[in-house]
Structure formats: C-alpha cells, structure tokens
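Where a number appears in this text, it was derived from the coordinates with a stated rule and is not lab data. Computed from a predicted model, the values in this text were never measured in an experiment. Positions of Cβ are generated from backbone atoms using ideal geometry, with glycine treated the same way; all protein chains shown enter the neighbour counts.
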Amino acid sequence: MKTSIAFEFRPATVPVKARTGRIAALAFAIGALLVGLFEAWLTRNDMYSDGISYLDVGDAFFRGDWHAALNAYWSPLYPVLLGGAMSVLKPNSVWQFPVVHLVNWLIFALVVIAFQYLLAGLLRFRSDTLPEWLWIALGYTLFLWATLRLIGVGLVSPDMCVAAFLFLATGVLVRISRQPTLWRYALLGLILGFGYLAKAPMMPIAFVMLSISAFLARGARRAVPRVGLALACLLAVAGPWIYGLSVAKGRPTFGESWSLNVAWYVNDVPRYHWQGTQAAHPTRKIFDSPAAYEFNGPVGGAYPIWYDPAYWNAGLKPHLSLGQMARQIRVNAFDYYELFFRSEVAVAAICLALFFLCGADRKRWILLIPPAAALCMYAPVHVEDRMLGAYVVLLWLGLFFSIRMDGTERRRSAYYSMLALIVLELSRFGLSVLGTAASHGLHERPVQAEIAQALLQSGIHEGSKIAWVRPRSFTPVENYAWARLAKVQIIAEIPVGQEKALWDPGPSKELLTSLHKAGAEALVVTSLPAGAARDQWTPVGRDGYFVRFLTD
C-alpha cells in the first residue's frame, strides 16, 4: 500500500491559533528590539550631517529660543525628542552621540509596537487559512530589512519616526475599513498630524490617507463628518506649527524642504553658497581665489549654513522643468529598480511567482495606495532608501495579502514559498548584522569626541568661531560633528576644490587675514596635503586634523 503525506490546512482551535500567533509575535518583536539595541550600540558614535542640525534645533527648543527653533527646513518632532534627552541626561562630549542612538532605539521600539498594531489588524480581517505564525514571520522578515537596513537606528534622522506614524495610520485605516467609527477617524487625524511634525513630506501622504478614509466611510453623508473630524484633529496637531512657519515666512507654507530639494536636485542649484541675483541674504564671499565664504550670523548652530538652509536660500524660486524632472525620474527609477529587484530580488521573485501560480484576490489597496503615492512623489525630485523604508513594508505586505489563498494547491504553494522566503531573508539579514558588527566593532573609538577634546586642548575655547576647509565628502572622520561637541561654531569656509591656493605663500596670507577679519579665530583642516609646510599648524588628535590660529 502506497502511503503519502497529505498536506491539508485545517483550522486549529481558536485558543491554539491565538496562542501560537501571540508567541510568534512576541518572539519576533523581542528579537527585533534586541537586534536594534545591538546595532544602536555598534553605531553609537555615528553622526549624520543632518543629525547635527536636528540636535542644534532641539537645543533651541529647550533653551526657549523660539525664533531659532522655528525652522522651515527641519521638522520639529525629532529635534524635540533629541533636545529633551540632552536636557534631561546632559551627556558630555563622549556620550552625546550614544544618547542620540539610545533615543533612536526607543523610537524603533515604538515602530515595533506600531507595526504589530498594523499586522494584528491585517490578520484579524484576513480570509485565508494559512497559519497565523507564518504571516507574522513574513511580516517581521519584511519589517526587519526595511527598518534596520533601509533606515537603521544608526542614522540620525526622523525617518524612523515617520515609519511609526505610517504604520499606526495604516493600522487605523485597516480597522476603519471594517468599522468606520468616529473615534477612529479622530485617531487617524491625530496620528497624521504628528506624522507631519516628524517630517513635512508626510503632509501630502496624509491627504492621500484621508481620501482613502473618505472612500471607506461608504457614502458622502457618512464621509463628510468623519473626514472633517479627522482633518480637524490633524490641524489641531499640525496647525500651530504651520501657522508659525507661515507668519515667519510672510506667506502660507508647511515647510521649505520640497522647494529646496527641487532647486538642488532638479534645477541643479548649488546646495551651499547660492549667490543668485534674487538671493535675499546669501553667504558672503570674502575671497576670490581660493573662494572663501563667511556666514557669521544671524543664524546659529554649529554649522549655520546647514542649520537653516531656508534662510540662506531665501529668494530662490524653483521651477518644474519637464526635461529636468524626466532626468530625475530616470535616475530615481534606477534606484527603485535597485531597491525592489536587486536588494530584494528573492522577495520580488517569490511574490511574482505566487501571483502567477495562485492568481490575485481582492487587492489590499489600503496598503498599496500610500506607497504608490510616495514613490510618485519622490520620483521627480530625489529619493533615498531611508525615505522609503516604511513604504516598502506596506507595498510588499499589500502584494502578499492580495494573493489568492483558496484551494489546497494554492495554499500549499503559498505556504512553502513564503516559508522559503522567510528562511532566506532572515539568513541574509543575519549576515548583514554580522557585517555591521565587523565594520564597527564593539569598542569603536569616539573619533569626533576625541577631535573635539583635542581641539579644546590646543587652545580653542568653547564659544569660539572657527573657519574650516570643507572636505569633498563627509565621512566618520572628516565631518563637522566635532564643532558641536567642542561647542564652537563654524562661521567661514573654503569649499572643496578651492583649497589648493591655500598652500601658496602669496594668496595664503591674504586669505587668512580675510578669514580673521570675518570673525574666525582659527582655521581647521581635516587633512594636510603631502608636502605642505606644517609650520604654524598644530596637529589635532590622531586622525589627520590640523588647526592654525589666525592673527592680523
């Protein structure tokens, strides 16, 4: 007699299914938190250039300097969180960046909770009979890669905050699709309001999600009061900030990040030292060869030209050129290809194969529309992986939940395919964690803190104003995080590519005099070229920095 193993999906009893699902969810959540904490420690000394600005804006909030805190480029929520941590813990220069990464990990913990809320809603209303633990494992597999690789706890930016609010808002929409109660619409508006405070590009996505909620209300008579309530709650949270920005700018605005990024990436306007004829208050050119610029006031921060880019670029009018936008779409389309079909080739292949083998069921358009809107919003301007991390999770979840799971053959194909994907992607993720550990190390030096301390020991004092030669690209060693840690301010610079003349005896003396007259007490370089005379230059630390004190 021939025997075979029958593959059947028989619904387990409700208590068993619920218990298995809870155990799987708890295990994956704890695992995600532990990996996130491990990577937060590995990257504890990392600092992104935007992160310095967020820290400086956070300081302005907590010292009550509202004029400096009202920034049209940097959204307020993340700086407030960082500023609160700095105000309470008061870390020294060595521990300041580790505290930032502790805040990032706490935000990631909220993202895990938000994602579990979304996933619970999807599982609650699913119609297939696949094991709940399988969906949980697949969801967290997609989640781990998107949040800890595309965004990461080591990146000092508000994109992790955006992920939390996006998952929460989508989870509310999933529940509204079944029970469109008033309080859920109010909750949706509040979440979207805080999402905007985390990052201004969430405002267009907020209106996309409000439009979805209007459709889910099932009729105009039900939609108008519900969406109106959601909009009122959104404005209650976001309105004061929008009003403050609009008053400061003298025109209605919810932020300047979009217009500046269009100018920089679409219109090819230089990011630093724009000197256009319409410039209201550009940086001041104080020397021609090499070019040197001064920005000694009225903007604060460790690096004023990146503390408030909207101020220095006031008067800049971006224009939407179809040719330039088409160029950016081509560039960003390649990034999308890399993101969806190169870095996640197994996810794309298995998802497409399941659609081919099993067919499409009712599409989870609630999950698919927000990421589609985000991809369209970023494509003509500029895109980075960190901006799309949360949307990638929603897109893949929406596609997998849209696969038909009825019939034993379809369920068998889906079960084994999803299980293989989970094993493969978790293995890949585990290797990437080992790669992060290998590239950083458990006992990595606080390079920027050491540079800041050495600078102070060389004779620079807290509150000093400094000039520097900006490097070609920012690296863990060559950046300006030391300025914040040493509590000094960079008020003049020689841009990259202009510094060669600095080493010529003739223009060098005149240049140094111009920098000193601009208010700089010293000139810092991140490296000296081979063969350059080192007299009058003092080594700073052990990473190639030098400082030269300026005199008349």
TYR545 long-range amide H proximity, modeled H, under 5 Å: VAL540
Förster radius 45 Å - calculated FRET efficiency between LYS487 and LEU322, Cβ distance, rounded to 0.05: 0.45
Residue order, fewest to most surrounding Cβ atoms within 10 angstrom, among PHE97, PHE287, PHE207: PHE207, PHE287, PHE97
Simple spin-label estimate for LEU528 and PHE429 in nanometres, 7 Å along Cα-Cβ: 4.9 nm
Ranked THR538, THR141, THR170, THR551, criterion: other C-beta atoms within 10 Å, fewest first: THR551, THR538, THR141, THR170
Residues of type aspartates and glutamates that LYS249 reaches as a straight line, Cα spacing below 18 Å, ignoring anything fewer than 8 places off in the same chain: ASP65, ASP308
Unit charges on C-beta of K, R, D, E only; dipole of the chain, Debye: 2300 debye
Burial ranking of peptide ranges 528-536, 448-456, 78-86, 371-379 (average Cβ count within 10 Å, highest at the top): 448-456, 78-86, 371-379, 528-536
Descending principal axes extents, the stretch 283-421, alpha-carbon based, whole Å: 75, 34, 28
Ordering of 412-423, 485-496 by burial proxy (mean other Cβ atoms within 10 Å per residue, highest first): 485-496, 412-423
Nearest-0.05 FRET efficiency for PHE215 and THR277, computed from C-beta distance (R0 56 Å): 0.75
Cut-off under 5 Å, modelled amide H: who pairs with ALA200 long-range: SER75
Cross-link reach list, aspartates and glutamates versus LYS465, counting only Cα pairs under 17 Å and skipping chain neighbours closer than eight places: ASP56, GLU294, GLU493, GLU521, ASP552
Spherically averaged projected area of the stretch 390-440 from its Cα convex hull (nm²): 4.3 nm²
Kirkwood estimate for the stretch 147-222, i.e. one over the average of 1/r between Cα atoms, Å: 13.1 Å
Distance from the stretch 424-502 to the stretch 305-330 (C-alpha centre basis), Å: 27 Å
Amide proton proximity set for ASP361, modelled H, under 5 Å, gap of 5+: ILE403, ARG404
Crossing angle, helix 14-42 versus the chain [Cα axis fit, 0-90 degrees, rounded to tens]: 10 degrees
Vicinal HN-Hα couplings computed from phi for the stretch 477-491 (Karplus, 6.51 cos²θ - 1.76 cosθ + 1.60; Hz; Gly/Pro x): 9, 8, 7, 10, 4, 4, 5, 5, 5, 7, 6, 10, 10, 7, 10
Relative packing of 159-165, 276-282, which averages over residues the other C-beta atoms within 10 Å, highest first: 159-165, 276-282
Whole-percent pair-distance distribution, where bins are 10 Å wide, for the alpha carbons of the stretch 230-309: 15, 35, 32, 13, 4, 1
Computed E for LEU110/GLU384 - FRET, C-beta separation, R0 25 angstrom, nearest 0.05: 0.70
Hz values of 3J(HN,Hα) by residue in the stretch 130-141 - Karplus curve (6.51, -1.76, 1.60), Gly and Pro given as x: 5, x, 4, 4, 5, 5, 5, 5, 5, x, 6, 4
Cβ-based exposure ranking for ILE212, ILE113, in which fewest neighbours within 10 Å come first: ILE113, ILE212
